[in-house]
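Shown next, in structure tokens, is the structure this report addresses.
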Protein chains: 2
Amino acid sequence: MARRIVSLKDISKACGVSIATVSKALNDHSDISKETKERVREIADKLGYHPNAAAQALKTNRSNNIGVLFVDEANSGLTHDYFSHVLDSFKKKAEQEGFDITFINGDRSKTNKMSYLSHAIYRGFDGVVIACVEFSDPEVDELIKSNIPVVTIDHTFYNRIAIVSDNIKGIRDLVTYIYEQGHRKIAYVHGLENTAVTQSRLTSFYNTLQDLGVPVRDEYMVSSPYRNTEKAFEATTKLLELPDPPTCIMYSDDFAAFGGINAIRQKGLRIPEDVSVAGYDGIELARRISPLMTTIVQDTDRIGRVAASKLIDLINNPKGTLIEQIVVEGTLEKGESVANINPV
Amino acid sequence: MARRIVSLKDISKACGVSIATVSKALNDHSDISKETKERVREIADKLGYHPNAAAQALKTNRSNNIGVLFVDEANSGLTHDYFSHVLDSFKKKAEQEGFDITFINGDRSKTNKMSYLSHAIYRGFDGVVIACVEFSDPEVDELIKSNIPVVTIDHTFYNRIAIVSDNIKGIRDLVTYIYEQGHRKIAYVHGLENTAVTQSRLTSFYNTLQDLGVPVRDEYMVSSPYRNTEKAFEATTKLLELPDPPTCIMYSDDFAAFGGINAIRQKGLRIPEDVSVAGYDGIELARRISPLMTTIVQDTDRIGRVAASKLIDLINNPKGTLIEQIVVEGTLEKGESVANINPV
DNA sequence: ATATTTCTTTTAAACGTTTTCGAAACAAAT
DNA sequence: ATTTGTTTCGAAAACGTTTAAAAGAAATAT
């Protein structure tokens, strides 16, 4: 059972017309008669014809394939909840528009390791989406500066379309809500400082507290990697052992917050009666496990969809597409992990 | 800045040798002199040459691309924790061996919708991995019966390589452990019956209880969709309201178990002192949130890795590869959500 | 010197498409 | 009868690569 693939040539023979005519008939060109089109299509169906992406790509310089580059600090790959949701949404939109998705990263140790750009050129990606990556990587830089259509997520580059989640507003909303619940001693177990996301969240944290007239206390600020429950656990334990412990602890993300919750409970304290907790991202479980997490729910659906949509615009119209930064807001999920401690 | 891609022809001109020589030099054929090889490679580098996957695929009938088909009942796509872990591992292994990964499913509403097989032929996938899919789908059947190398995950097909997680042993281990902790009134909120996974888990559940001499009580058996916290919540509430409620409730997966935990807590009951709980899969949070979940930790890493490895074997040696079913065991994570209620 | 072998390179066809340009056929207009 | 226009089709080149077979060059054997 040799893999015999039927080609335009086969249809052309079966139909008694030229290959060119078959091609044009199948692509619905205007210079082919209705009758011929129908006959060609019928026979193509009967023969079980499928177009050949490689040949099309070779000829047209269009692969209908989008490259996805995602590397996070922990190399969690597809198992990163925020990214997998964004990607899923991106994928759905891209597929609706007839594009496939292929990953750019990966270690390729057996073959000669390719740079991201090499890989993208090799595969002939029509465009590329870059997310959550360490943007200081020279390979990423090379890719971004290439002439391949690029959309970045959560990082802004000069002259490139970027989709960023609104960390400024997110943190502001969250801090404000916590403040309104009466908290003044607010700790923040934030992510490592080397990312743009952390930077803008920290800035917003400081600014918001300043606007609210709440002094920031250094001992309440702790750096801990994203999505790391153990480190968050340790940080939380230390915070609780301070002479003047916080009444509310914010975390870099819901994952970390769960680690914090464990630490709090291990000390025999209750949430939110004794200590309040807030996460970030709004992952599924955070909104299903009690106490429901007070968090900012990222609109991953929108981020992915808009990223795909803009990238495809850019692919189809490289000159005419507006280069812009699109900010996607999250929404405050009040949950029940932050207590109202206002005096009655 | 027109996208000018350098080709073998350019190198050939720059080197003063034929295109064939360039091709063979870059591919390290034995009939090219060392000197020429070096010169060609040097100039290729200098010119910034990248091979063209489309042209290679067209000529060699090898795309170095693997198709991934995954559709679950809830269409959770990449956000399905079990699958995303398996896929991540699959991806890593495949990439190490020089393959890329592209998704097969997706709605493609704008283009004329392709069947899975059409899509696979169109893209020229060297092989295909199928997971978690509703295997009764005729499109899946068509793909599986095609002559494309296929590996299936969690479902066995005649004459096809399958990687399956050991649900029989998993459930047996879990039930036995629960039994050993003294439980006799064991309820099972299992997944919907229309999947092979549910079937084998249920069979194992019944068999194990029978072997242990514990009668199965119909009112303890509830069907509820996988990964559905709400439905698990409802089912749990009903179970707890039975005249003779179970002392331990097993769930289809950790996700569902969290829904159950909420229901139990809402009734003012403690875990595991009042009611014991067991999940399945061993997702990250289940092993981080207290009470640590008693569960079967799936070896997603191994499943993905072996699937990729076998598929690539099959691609490289279609005749000589053993068609087999590979069973991957999970491990019992005792956690702390099942209480020991043996009399002292 | 010629024949044989070995090593290196080139020629040319092929993979399955798309697309430009020209041709054929026919009708309508001059 | 010639021109013009319209509609439909085909020839052929091109995309970038691989590879079988032929050819050339150099070395060795007869």
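The values are calculated or read from the model by the stated rules, or taken from the named source; none is laboratory data. A quick note: this is a predicted structure, and the numbers were derived from the prediction, not measured. Because the Cβ atoms are built from the backbone with ideal geometry, glycine has one as well, and the counts that use them run over all protein chains shown.
Looking only at residues of the stretch B:17-28 that are more than 8 Å from DNA strand C (Cβ to nearest atom) and free of Cβ contacts under 8 Å to residues at least 12 places away in the same chain, we find that the one that is farthest from the chain's Cα centre (by Cα) is B:Asp28.
Going residue by residue through the stretch B:145-161, is there one that turns out to be assigned to a loop (DSSP other than H, G, I, E, B), among the β-branched types (Val, Ile, Thr) and not assigned by TED's automatic domain parsing to the domain that holds B:Leu192? The answer is yes; a qualifying residue exists. Residues to consider are A:Ala2, A:Ala74; find the one that is surrounded by fewer than 18 Cβ atoms within 10 Å (Cβ to Cβ), more than 8 Å from DNA strand C (Cβ to nearest atom), at pLDDT below 95 and in the same structural domain as A:Ile153 (by TED's automatic domain parsing). Exactly one residue qualifies, and that residue is A:Ala74. Based on what the data block shows, is B:Ala14 within 8 Å of DNA strand C (Cβ to nearest atom), more than 14 Å from chain A (Cβ to nearest Cβ) and not in a loop (DSSP other than H, G, I, E, B)? So B:Ala14 fails the test. Please tell me if A:Tyr179 is under 30 Å from A:Ala131 (Cα atoms), within 31 Å of the chain's Cα centre (by Cα) and of a type outside the set (Lys, Arg). No, not satisfied. The C-beta contact set for the stretch A:175-203 (first residue surrounded by 16 or more Cβ atoms within 10 Å (Cβ to Cβ), second residue acidic (Asp, Glu), distance under 6 angstrom, 6+ apart or interchain) comprises A:Val197/A:Asp154. Scanning the stretch B:72-101 for residues that are within 9 Å of chain A (Cβ to nearest Cβ) and of a type in the set (A, V, I, L, M) turns up B:Leu78, B:Leu87, B:Ala94, B:Ile101. For the stretch A:19-28, a residue qualifies if it is more than 14 Å from chain B (Cβ to nearest Cβ) and either within 30 Å of B:Lys145 (Cα to Cα) or modelled with pLDDT under 95 (or both), and the qualifying residues are A:Val22, A:Ser23. Evaluate the following for A:Ile104: is it touching a Leu at 6+ places or on another chain (Cβ under 6 Å) and not polar (S, T, N, Q)? So A:Ile104 passes the test.
Checked against (1) within 16 Å of DNA strand D (Cβ to nearest atom); (2) within 22 Å of B:Val129 (Cβ to Cβ), B:Phe103 meets all criteria but (1). Search the stretch A:52-71 for residues being out of contact with any His (no Cβ under 8 Å at 6 or more places or on another chain), buried (at least 19 other Cβ atoms within 10 Å of the Cβ) and small (Gly, Ala, Ser), and hand back the single one that is farthest from the other protein chains (Cβ to nearest Cβ). Ranking the qualifying residues of the stretch A:52-71, first place goes to A:Ser63.
Answer yes or no as to whether B:Glu230 is more than 15 Å from B:Ile249 (Cα to Cα), exposed (fewer than 15 other Cβ atoms within 10 Å of the Cβ) and within 14 Å of chain A (Cβ to nearest Cβ). Answer is yes for this residue.
Answer yes or no as to whether A:Gly282 is on the phi > 0 side of the Ramachandran plot and either buried (at least 24 other Cβ atoms within 10 Å of the Cβ) or under 18 Å from the mean Cα position of the chain (by Cα) (or both). Answer is yes for this residue. Return the residue satisfying two criteria in turn: it lies in the stretch B:29-51 and is within 11 Å of DNA strand C (Cβ to nearest atom), surrounded by 13 or more Cβ atoms within 10 Å (Cβ to Cβ) and not basic (Lys, Arg), and of such residues it is farthest from the other protein chains (Cβ to nearest Cβ). Selected residue: B:Thr36.
The set of residues from the stretch B:18-77 being among the hydrophobic types (A, V, I, L, M, F, W, C), over 30 Å from B:Glu139 (Cα atoms) and within 12 Å of DNA strand D (Cβ to nearest atom) comprises B:Ile19, B:Ala20, B:Val22, B:Ala25, B:Leu26, B:Ile32, B:Val40, B:Ala44, B:Leu47. Considering (1) surrounded by fewer than 19 Cβ atoms within 10 Å (Cβ to Cβ); (2) within 16 Å of DNA strand C (Cβ to nearest atom); (3) assigned by TED's automatic domain parsing to the domain that holds B:Val140, the lone condition that B:Leu117 does not fulfil carries the number (1).
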